[in-house]
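To start, the structure itself, in structure tokens.
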Amino acid sequence: MLRIPCIVSIVAGSAALFAYPVAAQDAPSPSAGPSEKASVQPLSVKPLRGPAADATATTVKPRAPAFADSGPEWITPGKNQAHTRYSALTEINAGNVANMRAVSTFSTGLSAGHEAAPVVVGSTLYFVTPYPNVVYALDLGQPGFPMKWKFEPKVVAASQGMACCDIVNRGVVFDNGRIFFNTLDGQTYALNAETGEEIWRRQLADIKQGETMTMAPLVAKDKVIVGNSGGEMGVRGWAQALHVATGETAWKAYSTGPDEEVLIGAEYEPFYDQEKGENLGVTTWPTDMWKTGGGTVWGWISHDPDLNLVYYGTSNPGPWNSSVRPGANKYTAGIFARDVDTGQARWFYQMSPHDVSDYDGVNENILVDIEWNGKERKVLAHPDRNGHFYVIDRETGEVLSAEPFHAVNSSHGVDLKTGALIYNTDKRPETGKKVTDICPAPPGAKDWQPAAFSHDTGLFYIPHNNLCMDLVEQEVGYIAGTPYVGADVWMKPGPGGHRGEFSAWDMVAGAEVWTINERFPVWSGALATAGNLVFYGTMEGWFRAIDATTGEELWRFRTGSGIIGQPTTWQGPDGKQYVSVLSGVGGWAGAIVSGNIDARDGTAALGFVNAMKDLPDYTTAGGALYVFGLP
Amino acid sequence: MSLACRSWLLILAAVPLAAASAADARELRVCADPDNMPFSHQSGEGFENKVMALVAREIGAEVTFVWAPQWRGFVRKTLRAKACDVIPGIPAGIDRARTTRPYYTSSYVFVTRRGRAPIRSFADLSKGMAIGVQLIGDDGVNSPPVEELAARGYTSELKGYMAWGRVPDKGAPHEQIMMAVADGTVDVAVVWGPPAGYFATREAVPLDVHPVDANEKTVVPMTFEIGMGVRRDDEDLAKELDAALVKLAPEIRSLLDSYGLPQPARKSRAELAP
């Protein structure tokens, strides 16, 4: 992804305060045109393929591991260490969700994209805003949920110019009386959750090198694990573990470079030959190019306490133009399994070797257990940007299945014997070559927006994109007085003409169970509950409740702006269940609104604007928290 | 970078003011980078500053500079946003603006330390040389030399330098790559003509500048004609500028010479395009 320099200063003050709708507006209007309704295409089940076809799809379902907490609080953006985003609360359910009402809203006064998850512990709700990364604590024990405290970190303003794709932040995490979060300018903070006082802070990324931080940390045992962003700026990716009490670095693992710095040693046992060899983080690059090779860690981290491993993906390699970096470009666009205590790599698997399409590997890894072809396996489920839903044995790194969950022609699938992605050379970008209808486009079949796994239905609920792209004729461009000729990226809707989908995915069958088509990419996270409900938001601003089994829409509410946040649900101190989400459009997809970009330049936001020209007709910028409950 | 970001704020503040004063003396609002020598600088010392002052005098207008970093989105955020009316230098035929007649042509050049065997074409390069280039993929683009070098199998040899942003002790933005030639970090650099010609005489050791051989076949053009850019529908201003550029041609030519701007034998980009 590429940066959109200094966007926020352009729109300052354009959006913030307006009246929010309260209750009563949520009743579906019979006069609403078909364009405003979610169109459900249920049960378009594809023929079974691959090894999954041998499994008895009707009886074998993936199960949540015992450590995947589904209790009444919501302490970490992914809900639990397994990242299932599932709550066992049932007060709000398929039978009564139609009565759900907004009970509280809270404006942030900011117009950038709001991607964070509201986190709830006891009687306090916490969330962090996009830059300038203010943390709010709201008192759920008082009527209207008033502010309990707020914390305003000192964040260097220039970091806004370094962020590639809007100045977002993906959330805070709570652990043992502390709140942890990152700032855009590369700091990690620990706050006292009760008072909002700073306990420690570390400056970890260097914005002068193009590094920023946008991801939500994960706490695993006594460590908080964080990573950097900025793969487009020629930075070198890393993840590091900090001691929760002091912030001291316990380990730091680079994604490129010599084994010693990637923390590859005696314990490293990858499944496939393509990941074996000494110092591949150096030898799969032209001389020294690994030093600016990307592989940043800006997505999600999950943790298996039984195996004592953490899992995370690495971003696209840099530089963007692949012709100057021949080689597999390890260890970018893949997944690491690392020992929590030492950071030593256990295995690595590269989804997109020598990535040419910005297919970062940073999407969430949801940990589930399953009987696979008669054998009990601990797996991770990973819907990747390259369009395949990977099922990977999380003990060994073996790919059990990789079925496309979106129209894909940039590759012909994955060879499960070698682990290799079989690229389609016809759709490969090359200097001087015009290539049209490459699917998926750079944001991938799915970008950062996290899926949910229902512990009940055994299905995955995937918010995703339906975007393809053309690399158009060479055009002359100009930067800092320097002319150049290059291909421009134009993104456009994929098959069907819609740009987003929300799909229920059967991992065993390797097929969709149902899909809801959306006008715009579904850039929000998903939430699943024991009430047989799933929730997500649209970029127009609809917040939807869906029947987890049938895909039928049961409730919706129009929020003040488009939704790209992560919905959560929790039990308030009054014993009632609530659902919360941040509204506030933006992000890479929504930059046309939050950044006020001129729709006539389709190549803006690295070509995403071309696919989003009409978004300003549907929504305006402006962040707010919404909390919903039953009357 | 922080300087550049603050500059955006300046533009925003300037827009309503400029609109309000339009009824007074005629104003020629120029979109320019505040720190991009030898092209433009907020001190007024860039050749574009001086060319625009000449042109403004010729058409009877007062020149005002609206500063913005010349990155991706520059045309969109300045000219098209109507924050200003003319970009002093932009490649002829660019899609994003209407361009005037070109007032100079330049090419990428090879820069070496004096005393070394000069390099005049890509064929003169050899494996194992350290080759400096700009725009190596940052912000999604490569400079034409990077494309050519990659096509010829030079990748391990490349060393990338930014074309914008100041690094402490590394001079002006375009100077970083020139300093790398001067101090021997790279054996040769392939740089766009105007900054190469300007900084070649300002470094610690004398540097040689040789334009890319115009007869050498390359995957992308190395020579570009540069004119001024106005909004697509601003035909009147384009015509006025064209007339001024014809009249001022000798004066502009000698001004550009004083900045050491290498101007190869005239050959249009269209002729060179593959």
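Some points to look at:
- Helix-only [θ]222 nm of the protein assembly as shown, DSSP H runs n ≥ 4, -39500 (n - 2.57) each, per residue, nearest 500: -3500 deg cm²/dmol
- Net charge of Cβ neighbours under 14 Å - reference A:Glu152; Lys, Arg +1; Asp, Glu -1: 0
- Reachable lysines from B:Lys217, criterion Cα separation under 18 angstrom, eight or more residues apart if same chain: A:Lys433, B:Lys267
- For a label point 7 Å along the Cα-to-beta-carbon line of B:Ser258, residues of segment B:170-202 with backbone N under 16 Å: B:198
- Straight-distance candidates among the lysines for linking to A:Lys291, with alpha-carbon spacing under 23 Å and chain neighbours fewer than 8 residues away dropped: A:Lys208, A:Lys252, A:Lys276, A:Lys330, B:Lys127, B:Lys159, B:Lys170.
- Loop GluC sites (Glu not before Pro), segment A:251-288 (other Cβ atoms within 10 Å of the site Cβ: 12 or fewer; DSSP): A:Glu278
- Size descriptors for segment A:7-629 (Cα atoms only): Rg and Dmax, in that order, 22.2, 65 Å.
- Segment A:319-381 versus segment A:519-551: alpha-carbon centroid distance in Å: 27
- Built amide H within the under 5 Å cut-off of A:Leu204, gap 5+: A:Gln187, A:Thr188
- Its relative contact order, with pairs defined as Cα atoms under 8 Å and 6+ residues apart, puts segment A:185-320 at 22 percent.
- Peptide B:65-72 - average C-beta neighbours from other chains (10 Å radius): 4
- Net charge, A:Thr124 excluded, C-beta distance under 11 Å - Lys, Arg +1, Asp, Glu -1: -2
- Sorted on the mean count of surrounding Cβ atoms within 10 Å across their residues, most packed first, peptides B:251-264, A:370-383 read A:370-383, B:251-264.
- Within 10 Å of each Cβ in B:83-90, the average number of Cβ atoms from other chains: 1
- DSSP assigns beta bridges within the protein assembly as shown; of those with both partners inside it, close to 90 percent run antiparallel.
- Gyration tensor (alpha-carbon) shape descriptor, segment B:174-219, a/c threshold 1.5: prolate
- Net charge in the neighbourhood of A:Val173 (other residues with Cβ under 13 Å of its Cβ; Lys, Arg +1, Asp, Glu -1) is +2.
- Peptide packing: for A:537-550, A:192-205, B:187-200, B:148-161, the average count of neighbouring Cβ atoms within 10 Å per residue gives the ranking B:187-200, A:537-550, B:148-161, A:192-205, highest mean first.
- Neighbouring partner chain Cβ atoms per residue of B:142-150, average, 10 Å criterion: 5
- The protection proxy used here, the mean number of other Cβ atoms lying within 10 Å of each residue, ranks peptides A:443-454, A:239-250 as follows, highest first: A:443-454, A:239-250.
No value in this document is a laboratory result; all are computed from the given coordinates. Quick caveat: nothing in here was measured; it's all calculated off a predicted structure. For neighbour counting, all protein chains shown are included, and Cβ atoms are generated from backbone atoms with ideal geometry for every residue, glycine included.
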